[in-house]
Each structure stands twice: as structure tokens, then as C-alpha cells.
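Following: one structure in C-alpha cells, then a few remarks.
The values are calculated or read from the model by the stated rules, or taken from the named source; none is laboratory data. Model, not experiment: these values are computed from the prediction. Glycine gets a Cβ as well: all are built from the backbone with ideal geometry, and neighbour counts include every protein chain shown. Remember, those area values only see protein heavy atoms, side chains included, never the ligands or the DNA or RNA. Shrake-Rupley method; radii C 1.70, N 1.55, O 1.52, S 1.80 Å.
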Amino acid sequence: MKRIAGMGLGVFGDVSMIRRQRGLAFVSVPSNSFSTSTNDHIDNPITLTDWGAKILLSEDSDEKASLTNTAFELWNAGKIKEVGNTQPPLFPGRPSFVKIMDPRELPQRGKGGTKESRVAMLHSFVHIENCAIDLIWDCICRFIPQYPNLPREFFDDFTKIAQDEAKHYGLLNERLKDLGSFYGAFPSHAGLWEDAQSTSHDLLARLAIENMVHEARGLDVTPKIITKYRSGGDLKTSDLLVQILGDEITHVRYGIRWFDYICKNFHNPPIDPIPHFHQLVPRYFKGKIKGPFNTLARNSAGMTEQWYLPISFSPHDNKNKTCDEDES
């Protein structure tokens, strides 16, 4: 499949300008003004992408969450006035105390039948949420050269996702501490960021894999995990996961919303979203989609069966890597 480049919809000027198209506010930036991060941008962030680069470069996971909350509040209050065009770093900062391993070499966490297994699972959730903060800020910053006229509402939605991920990280990290452990107590992997690298050239591919595959799979597996924690008597963790599940439905909905919108409004001729999703997933996801599916949650997010059933495979086929393995 030939990659289709994003089409600019506005007239570029020397400064950002807002215009209206189909009821959405578009932010237009000069096509020759995309910059990489500088110390001044990081030390004194002004635009939204300045803040994104600052957060991505931080090696302190707690600071990432705190800065994300600050950036969200400033953007939501209108105190960050421009999206900007600062490009993200190639790799995000990572805390040195978290050991990163090949996913195939990670020790088995167990299936949640013991307290030790449930603590190890909780640690993996903390790591996923920390990585998710980076993934969303990278998405906010990286694709402006491809789509320099994204609606302002796109950034509203994705800063909200970033703030949710920061909230999830904080809640789960505190719970991990309550259980006598800490972030970094177990080795982790960088599989989610590897997927981000493989989709770094195409926003549609990024939305397909991160929001519409990984996060949608979270809707499928989280109810069973909630049951494991409840069965083990850990009602506090199970309640946190119920709260997070509700947020993740919104994240999938946002992914579908913007995948559909970009396909139909930023390409000439317009792209049919569902067939295009079916093309992107096998190209960029290292596996196939596997049930059982949480159809109630997926439908609530707008991900009806026509999106995923045609590219799913039988659960009896154990030769392919699944989303479960990516998020383990």
C-alpha cells in the first residue's frame, strides 16, 4: 500500500492563524518552520509542543506526570495560546532505575492468583501508564509536519488523554507503594515505544495501532483483571481499574474520531476509514487481533465489529503474537 501524505488545508503565514472549516478551529503553521527542541524551549516552554518536548525529555516519571497536569491545565485555561511546531526527541527520557529488557526475556508475572503476582501485574500497569504519557505527547508533537492544519479540537482531545494517563500513573503508582513495592522493582519492556517508532511517519498508523488496537485491547482484558483483584481481596486496586477502564473507552473513541476525520477531510480523494484501518493494522502491528472482545465497551467507544472482526483470528491460533503479549 502506497503511503498517502497529509494534505495541508490552509494558507501558511508567518504566524499561527485560526480559521474555520466544518465547525472546527484549524491551527495553521508555516511549513518551513518546524524546529527541534532547544534548551530555551525546554526551560521556558511557551507553546503546546514546547511543553510536549519538555515532558518527553524528562527522565523523572513523577515529573512527567506533574508537568502533564500543568500543561493540560494551562492549555484548557487558554494560557497556552499556540500549538507551536517544536518537534519531539527521537527517544523519550526514561528513569534509570527501571530496567528495560527484551519482552521475551522478562520473568513470568503469573496470572494474578497470588499477592506477589498481582503486585507484579500492578507494576506493569504503572509502567504502561508512564509510557502512555510519552506516547500521547509524541503524537501531539510529531505529526504537525504531516498535518499542519489539524483542528484545535484534536489537541483538546489528546491533551485530555495525556492528563488521563498522568492521572492513571499517579493513582497506580501510589497503590503500588501502598502494597510495599515501587516503580522499578520489576524489569519492564519498551514494546509500546517500538510500535510508536514504527508509526512515527504516519498519524493514521499511530492512531490505528496505539488507540484502536492497544487501547481497544485494554477494554477487552481489563474486566478479567478487575475480577482477579477482587477475588484476591484487593478492592482498592480493582476500583482503580474500573475508573481507568471508563477513561480508556474515551481514548478509543477519540482515536476513532480523528482516524475517521483525517481519512475523510485531509486526503484527496477521501480515504474509506475502515478498509484503511484493515490495511494499516497488519502492516504495523506485529501480530493479529484476538478475542474474546468486550463488545459492550468497544461499542460504547464507537468501535463496532466491522472495524475489527474482519482482521481478527481464532483464539485457537497460538502461533501469532497478540495484544495480550504486547501489554504484559
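At a glance:
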| quantity | calculated |
| --- | --- |
| Compactness of the stretch 140-257, expressed as Rg and Dmax over alpha-carbon positions, Å | 16.1, 50 |
| Spatial extent of the stretch 184-236: Rg and Dmax, with the Cα atoms as the point set, Å | 15.1, 45 |
| Accessible area expressed per residue, the stretch 191-278, with surrounding protein chains retained (probe 1.4 Å, Å²) | 35 Å² |
| Electrostatic dipole magnitude of the stretch 126-205 [Cβ: Lys, Arg +1; Asp, Glu -1; Cα centre; debye, to 20] | 160 debye |
| Pairwise Cα inverse-distance average, inverted: Kirkwood Rh of the stretch 45-201 (Å) | 16.3 Å |
| Accessible area in the full protein assembly, largest first, 1.4 Å probe, for D156, D50, D43 | D43, D156, D50 |
| Linear extension gain, R230 paired with D43, 0.36 nm per residue minus alpha-carbon span | 62.9 nm |
| Mean projected area in nm² (Cα convex hull; one quarter of hull surface) for the stretch 108-167 | 5.2 nm² |
